[in-house]
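**Q** The structure's right below; bear with me while I get my questions together.
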Amino acid sequence: MRLLHAVVRTIRNSRRLATGLVILAAMILVALFSPLIIKLIGGGTNPIEVAAYEKWLVPSADHLLGTDQFGRDVFAMVIKALSVSLQIGAIAGLISTVVGVIVAFVAGYKGGWIDGILSTFTGILLVIPTFPLLIALSAYAKNVTLFQVGVMISIFAWPFAAKTIRSQVLSLRTRPYVDLARVTKARDMEIIVTELLPNLLPFIGVGFASSALGAIFGLVGLEVIGLGPGGVIDLGQIIYNAITTGALTLGAWPMFVVPIALLTLLFAALNMVNIGLEEVYNPRLRGVAGE
């Protein structure tokens, strides 16, 4: 109950945060109900099946965004692609955040040589160019599942969250209420869960949002150069198809414009969440924003 109250209070204190969360919630709802929406679009036909309709139909009342080079309904494909992209972001964001939180708490709370080793390893991963490694992995990894793609991307996404959270743990572990918990002989895990973790939820949220966004755009980047996972329709693949088939010159502009618009909206929403959290929990930034 205390946690829920803190979340509600945080959202009320930032208009940017509330706006970003509303946009994200709308996208997530569309993704959750994507099977039903696609079924309604098809009206008894699978609208994303090859040769479901005529090729290169222009936007109309029957096909709001037209059809592609295979006769698939672009609107249905975009709904499906949004769901897939959000799944990739959620999988990679969750895995990278969990790993980052564990590394950050172990390094920041324990300190000493443990902190030195983990911080060095995290720093090394932060300076390694990740996109070329993703390209190499994608080129050799065949027939990977959606979950495997998320895991592959999360391998390179957790160091940012770990570094951000570790710095906050180092600051909080010397606070009086933590010292008081130690005096009462509370165990380390109890101190972390009851004293440190609630105060770090905003930073964990920022780490998750950044990792999820990086994963989504990382997959889009792989798709645009033709190295995405096979058999998966995501926003990047639709953009890739639009580029390689010359969709703009054929009047099928929604294939290119709509996925980019959705990615831009998603980027803006996640950035508003990050900035909103900073406004609430960073007094200096809140003062600047309020001017």
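**Q** Whenever you get a sec, compute what percent of the accessible area on the chain sits on carbon and sulfur atoms (1.4 Å probe).
**A** Roughly 68 percent, rounded to a whole number.
**Q** While we're looking at this one, here's another question. Just the Kirkwood number for region 51-194, please: inverse of mean 1/r across all distinct Cα pairs, in Å, one decimal.
**A** Taking every pair of different Cα atoms in region 51-194, averaging 1/r and inverting gives 18.8 Å.
**Q** Against the longest alpha carbon principal axis of the chain, how many degrees, from 0 to 90 and to the nearest 10, is the axis of helix 197-224 turned?
**A** Long axis of 197-224 versus the principal axis of the chain: about 30 degrees.
**Q** Now for a separate question. Compactness ratio of region 13-52: Cα Rg over 2.2 N^0.38 Å, N = residue count?
**A** 1.73
**Q** Using the heavy atoms of the protein chains and a 1.4 angstrom probe, tell me the accessible area per residue for region 1-133 in square angstrom.
**A** 57
**Q** If you wrap a convex hull around the C-alpha atoms of the chain and split its volume per residue, what is the figure in Å³?
**A** Enclosed volume per residue, from the Cα hull, is 164 Å³.
**Q** A further question on this structure: So if we plug the beta-carbon distance of residue 250 and residue 179 into 1/(1 + (r/R0)^6) with R0 = 45 Å, what FRET efficiency do we get, rounded to 0.05?
**A** 0.10
**Q** Can you tell which of 275, 155, 120 lies farthest toward the positive end of the dipole of the chain, using +1 and -1 charges on the Cβ of basic and acidic side chains (Lys, Arg; Asp, Glu)?
**A** Farthest towards the positive end: 120.
**Q** Now, a different point. Give me a comma-separated list of calculated 3J(HN,Hα) values for region 162-178, in order, Karplus coefficients 6.51, -1.76, 1.60 applied at θ = phi - 60°, integers in Hz, x for any Gly or Pro.
**A** Here the 3J(HN,Hα) series is 4, 5, 5, 6, 4, 4, 6, 4, 4, 6, 6, 5, 9, 5, x, 5, 6 Hz.
**Q** Let me ask something additional. Can you tell me how much longer the chain between residue 21 and residue 265 gets when fully stretched, taken as 0.36 nm per residue apart minus their C-alpha distance, in nm with one decimal?
**A** 86.7 nm
**Q** Among the lysines, which fall within straight-line cross-link reach of residue 185, defined as a Cα-Cα distance under 22 Å, with same-chain neighbours fewer than 8 residues apart omitted?
**A** Excluding near neighbours in sequence, the set is 110.
**Q** If you place +1 on the Cβ of every Lys and Arg, -1 on the Cβ of every Asp and Glu, and leave all else neutral, what size is the dipole of the chain about its Cα centre, to the nearest 20 Debye?
**A** 980
The values are calculated or read from the model by the stated rules, or taken from the named source; none is laboratory data. Model, not experiment: these values are computed from the prediction. FYI the Cβ positions are ideal-geometry reconstructions off the backbone, even for glycines, and counts take in every protein chain you see. SASA here: full protein model, heavy atoms, side chains in, ligands and nucleic acids out. Shrake-Rupley method; radii C 1.70, N 1.55, O 1.52, S 1.80 Å.
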